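Here's a structure for you.
A short reminder: the numbers here are calculations on the coordinates, not readings from a lab. Note that the structure is a prediction, hence the values are computed from the model and not measured. Glycine also receives a Cβ, built like all others from the backbone with ideal geometry; neighbour counts cover every protein chain displayed.
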Amino acid sequence: MSTFIGNHTSRPNFDEVVVPHLDAAYRLARWLTRNEHDAEDVVQEASLRAFRYLQTFSGSNARGWFLRIVRNTCYGSFGRKPLQPTDVFDEEQHSSSELANTPESLMLQAADAMLIDQALSDLPDRFRELLVLREIQGFSYQELADILGIPIGTVMSGLSRARQAFHNALRARLAHVDRSSDRPD
């Protein structure tokens with residue numbers, strides 16, 4: 001992001017490096033803290049840190065650089081463990097408007113979303129973080145390696161374990177739902 005003018009270099013521009021990634025930063029912080037107010041605080045603190053250390057940005061991957069600051073800020077604010085969940089998944093915010101809006105389909109979508117959210121909640125933090133960044137935020141393996149500060153091979157093996165753990169958690173949740181629906185009223 002630095003530009004060379006004669007013998008002088010200009011500093012990276014905060015508006016070009018950080019601002020385009022504020023929405024992704026909020027989504028990541030929201031998933032890690034599981035609380036919208038804490039997520040806003042984390043993003044604000046991370047933005048201040050990014051501004052303070054903007055000269056350390058090498059110009060290669062602004063999104064990865066900033067989200068790593070967000071992640072570290074989150075864990076620094078709440079210790080190594082993000083806060084426990086305080087509210088439920090917001091179906092309106094995360095659903096597609098293309099789907100039919102019949103009462104039945106809305107109820108099924110909400111139930112599916114709640115089941116997925118509960119299964120994600122059952123996972124260890126490191127697995128949930130990998131799945132959210134890869135499957136929900138859409139980061140590449142290389143971007144995950146940059147954000148998490150781990151080798152790409154560790155990202156791939158971690159994602160494999162996280163997907164298996166999610167599969168098992170979802171299967172356990174579904175079995176619980178099946179047992180509950182089999183009970184007579």
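If I stretch the segment between Leu170 and Tyr141 completely, what's the gain in nm (0.36 nm per residue apart, minus their alpha carbon distance), one decimal?
On the way: separation 29, 0.36 × 29 = 10.44 nm, distance 2.38 nm.
8.1 nm is the gain from fully extending Leu170 to Tyr141.
Moving to a separate point now. With r as the distance between the Cβ atoms of Tyr75 and Ser121 and R0 = 22 Å, compute the FRET efficiency 1/(1 + (r/R0)^6) and round to 0.05.
Working: r = 18 Å, r/R0 = 0.81.
Given R0 = 22 Å and the Cβ-Cβ separation, E is 0.75.
Give me Thr102, Thr33 sorted ascending by neighbouring Cβ count inside 10 Å, so fewest comes first. Mind dumping the intermediate values first?
Working: Thr102 9, Thr33 23.
Least to most surrounded, the residues fall as Thr102, Thr33.
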